[in-house]
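Nothing in this text is a laboratory measurement; each read-out follows from the coordinates by a stated rule. Note that the structure is predicted; figures quoted are calculated from it, not measured. Backbone-built Cβ (ideal geometry, glycine too); neighbour counts: all protein chains shown.
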Amino acid sequence: MSPLETGLVIAAVLLVLLATGMPIAFALGLTAIVGLVGFEGPRTLSVLAETLFSHLNEFALASIAMFILMGATVASSPAGRDLYLALDRWLWRVPGGLIVANIGACAVFAALSGSSPATAAAIGKMGIPEMRQRGVPADVATGVIAAGGTLGILIPPSVTMIVYGIATETSIGRLFLAGVVPGLMLAAMFMGWALFVAWRRGWRLRARATPYSWREKMEVLPRVLPFLAVVVGVLYVLYGGVATPSEAAGVGAALCLVLVMLVYRMRDPRALWRILADSTRESVMILMIIGASGLFSYMLSYLYITQSIAEAIADLEVGRWTLLAVINLFLLVAGFFLPPVAVIVMTAPILLPIVTEAGFDPYWFAVVLTINMEIGLITPPVGLNLYVINGIAPDVPLHEVLRGALPFVLLMVLAIVLLAAFPGLATWLPDLLMGPAVLG
């Protein structure tokens, strides 16, 4: 049996296990064990523990747990509500300010939490009822939040960017910078489309006639600005070379815990315990996926499947843009069924050498890959953000939420096209602040 045929058998086993509802980490680990033992015999079991541990014995992985704790701390507090109120009150004079405020709140909260589902849940609980109450169509209101929530994995600090950096041994600080301009571009595109559709369907762009007083505008800022200062400080020490990602994330998480206790008086030990428990659960889940994906990748490499796939793609004898289109299609399909972390850990080490050999920048590719993962968050069958939104607004049918989110999928595809035409959108800011990347 050739390596490619072996790969097809292993892919079929993995799909069957995932179809049973088995957790992704267990499905990846079990498939790796079955592949190694089935094709190479029981002697390969001796390397399983060492291989699994080697993929988790990485100091940079601590930053994932710390950024998740930072996000869980913010998401469990009323910070999302206050952020939404602040933007709504300051942007009420802007035509369509309500929609702009919701997408802006998603973008800023994404930077605070680093989590797309947490962003969709925190802003959606306030934003969706308010938009619908002021006449925004239900599918537009839910689609805006579902799509805005996806910005959480692109705008720094982003857990998926950290995972990509660890998997490909690229600079996490440079990856964060690469996501800034594309993230802001996507947010602006989302705003423009949502305003256009709402206007076409009869919604008045200025839906509030009564102005907010200066007191109403100012009273919420002291509760929001400290959290924004933490994010700015974390990014500054990262880009300035003052601290490693793990150190910056640890300090950021500690400061956010202190702030929720001071600003929102969340001093109940049970509330703090829930924050720690939730962040620990999510961190362990992601680390299990990383470890199992590392074992799965080892199995693919051991059986020469990874190398054969790379050779098959290289032998296609197609242009670099056709190659990029094939890779994007593959990532889209993978994102439909698997979470971003699993896709990145499994595919990035395989695809990156092919992409760089074709002349594409690895940091630019990280942004393209992440946008593909964003699309997966608002498309079935997984579409995690769709189910989060449906849980917030159960009276809006899931198909209507999907209908509202689909135009944003097309905008993300357009963003990938723009990045392909103008790669400087991703590489300009890192090169400006950190100098040109040294590619090995």
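Once phi is turned into θ = phi - 60°, what whole-Hz ³J(HN,Hα) does the Karplus curve with 6.51, -1.76 and 1.60 give for every residue of the stretch 216-228, x standing for Gly and Pro?
5, 6, 7, 5, 8, 4, x, 8, 9, 4, x, 5, 5
Please report, to one decimal in angstroms, the Kirkwood hydrodynamic radius of the stretch 1-111 built from all distinct Cα-Cα pairs.
18.5
Put +1 on the Cβ of each Lys and Arg and -1 on the Cβ of each Asp and Glu in the stretch 53-194; which of Val144, Ala75, Leu186 then has its Cα farthest toward the positive end of the dipole?
Of the options given, the answer is Val144.
For the stretch 166-172, take each phi angle, set θ = phi - 60°, evaluate the Karplus expression 6.51 cos²θ - 1.76 cosθ + 1.60, and give the result in whole Hz per residue in order, putting x for glycine and proline.
Residue by residue, the stretch 166-172 yields 5, 5, 10, 6, 10, 5, 5 Hz.
For a paramagnetic label modelled at 7 Å from the Cα of Leu414 toward its Cβ, which residues of the stretch 98-133 fall within the zone defined by backbone nitrogen distances under 11 Å?
Residues passing the 11 Å test: none.
Can you work out the Karplus-derived ³J(HN,Hα) for every residue in the stretch 78-91? Use 6.51 cos²θ - 1.76 cosθ + 1.60 with θ = phi - 60°, whole Hz, and x for glycine or proline.
With the stated coefficients, the stretch 78-91 comes to x, 4, x, 4, 5, 5, 4, 4, 4, 5, 4, 6, 7, 10 Hz.
In nm, what is the difference between 0.36 nm times the number of residues separating Ala229 and Leu56 and their Cα-Cα distance?
59.2 nm
For the pair Glu169 and Ala19, what calculated FRET efficiency results from E = 1/(1 + (r/R0)^6), where r is the Cβ-Cβ distance and R0 = 30 Å, to the nearest 0.05?
0.35
In nm, to one decimal, how far is the modelled label at Leu329 from the one at Arg200, with both set 7 Å along Cα→Cβ?
Taking the two extended label points, one gets 2.8 nm.
Calculated from DSSP H runs of 4 or more alone, at -39500 (n - 2.57) each and per residue, what is the 222 nm mean residue ellipticity of the chain, nearest 500?
-25500 deg cm²/dmol, from helical runs alone.
Assuming R0 = 30 Å, can you tell me the calculated FRET efficiency for the pair Arg274 and Ala12, based on Cβ-Cβ distance, to the nearest 0.05?
0.15
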